[in-house]
Amino acid sequence: MLLGPLLAVVALAGGCSGGGERITVYSGRTAELIRPLLERFSEETGISVDFKAGDSADMALLIDQEGDNSPADVFISQTPGATAFLAD
């Protein structure tokens with residue numbers, strides 16, 4: 001299940017411990033696949049999730065364009081190229 005790794009990524013990304021926290025997830029995965037995981041994550045942790053979905057490359061370009069002002073705390077991609085682009 002992806003929930004365990006998602007919890008670990010979020011903890012590393014924002015140091016969230018629950019209790020009214022909020023994170024923003026940009027996803028290149030199909031919203032119908034990811035949204036249930038994020039809803040369960042919110043239920044189990046109390047952390048609210050703002051969710052934005054689209055094509056992996058488009059989400060990576062959006063994060064790049066937003067630069068330091070990007071609200072994204074977590075980026076989920078279905079392609080390694082989009083992640084590598086952001087790693088640079």
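Assess whether GLU66 counts as being loosely packed, with under 13 Cβ neighbours inside 10 Å and closer than 24 Å to GLU21 by Cβ. Yes: the conditions hold for GLU66. Taking the stated definitions as given, is ALA72 of a type in the set (A, V, I, L, M, F, W, C), at pLDDT 95 or above and either over 12 Å from the mean Cα position of the chain (by Cα) or in a helix (DSSP H, G or I) (or both)? Taking the combined requirement at face value, the residue does not satisfy it. The set of residues in region 21-52 being free of Cβ contacts under 8 Å to residues at least 40 places away in the same chain, in a strand (DSSP E or B) and aliphatic (A, V, I, L, M) consists of VAL49 alone.
The values are calculated or read from the model by the stated rules, or taken from the named source; none is laboratory data. Please read these numbers as outputs of a predicted model, since none were measured by experiment. For neighbour counting, all protein chains shown are included, and Cβ atoms are generated from backbone atoms with ideal geometry for every residue, glycine included.
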